[in-house]
1. Classify the chain: rounded, prolate or oblate, from the alpha-carbon gyration tensor (a ≥ b ≥ c, eigenvalue square roots; a/c under 1.5 rounded; otherwise prolate if a/b is larger than b/c)?
2. Can you tell me how much longer the chain between residue 95 and residue 15 gets when fully stretched, taken as 0.36 nm per residue apart minus their C-alpha distance, in nm with one decimal?
3. On average, how much accessible surface per residue is there in the chain, in Å², for a 1.4 Å probe, leaving out ligands, DNA and RNA?
4. Taking 8 Å as the Cα distance limit and 6 or more residues as the minimum spacing, I'd like the relative contact order of region 1-99 as a percentage.
5. Helix 48-69 sits at what angle to the longest principal axis of the chain, using alpha carbons and giving 0 to 90 degrees rounded to 10?
6. Among all the lysines, which ones have a C-alpha under 20 Å from residue 37's C-alpha, if same-chain residues fewer than 8 places away are not counted?
7. Quickly rank 18-30, 47-59, 83-95 as a protection proxy: mean count of other C-beta atoms within 10 Å, highest first.
8. Take peptides 31-39, 71-79 and line them up by average Cβ neighbours within 10 Å, highest first, as a rough protection proxy.
Amino acid sequence: MKLELQLNVRVVCQNDAFAVVVPFWAVWPFESLLLSKRHLASIDQLSADERDLLGDIMRRITVRYDNLFETAFPYSMGFHQKPTDGGAYDEWHFHAHYFPPLLRSATIQKFMVGYELLSAPQRDVTPESAASRLVHAGEIHYLDRA
């Protein structure tokens, strides 16, 4: 994350506690990674301010997704955090992945098929291009512009 923030090529948005980047290894169109800036292993370690900032950054990225194609933008999202068996797991870093299914427009979905299922996913959009398009999608929801 430190390098991504320094380069600022694939950074979509950030606040004091979190950053959203399109990772250099992204293979899904507009895939993004939400990272905590402070090293913590799970969501229960967030301070009260960080909980508010987590909500803020989630709003920022989901509004950008909606604005990208001016439609309610579907996506799959999941948090990664340490196991819940009581162990310390200091090596874990709290983060979330977003995997939206749209590709070039609100009507063109990305499906993993054939070659991608059996060999390797095909990039339809470069991480840098996806990040740029999401950055320019802005933070005011397209429905609020009317």
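The values are calculated or read from the model by the stated rules, or taken from the named source; none is laboratory data. This structure is a prediction, so every number in the text was calculated from the model and none was measured. Heads up, the Cβs are rebuilt from the backbone with ideal geometry, glycines too, and the neighbour counts pull from every protein chain shown. When the accessible area is computed, the model is the full protein with side chains, heavy atoms only, and any ligands, DNA or RNA have been set aside. Shrake-Rupley method; radii C 1.70, N 1.55, O 1.52, S 1.80 Å.
1. Details: a/c = 1.81, a/b = 1.28, b/c = 1.41.
Oblate, because a/c is 1.5 or more while a/b does not exceed b/c.
2. Details: separation 80, 0.36 × 80 = 28.80 nm, distance 1.45 nm.
Length gained, residue 95 through residue 15: 27.3 nm.
3. Values: 8040 Å² over 146 residues.
For the chain, the per-residue accessible area is 55 Å².
4. On the way: 146 pairs, mean separation 29.8, N = 99.
Once divided by the residue count of region 1-99, the mean separation gives 30 percent.
5. Between helix and principal axis, roughly 10 degrees.
6. Qualifying lysines at Cα under 20 Å: 2, 82.
7. On the way: 18-30: 20.7, 47-59: 14.3, 83-95: 11.7.
So the order, starting with the most tightly packed, is 18-30, 47-59, 83-95.
8. Details: 31-39: 19.6, 71-79: 13.7.
Answer by packing, highest mean first, reads 31-39, 71-79.
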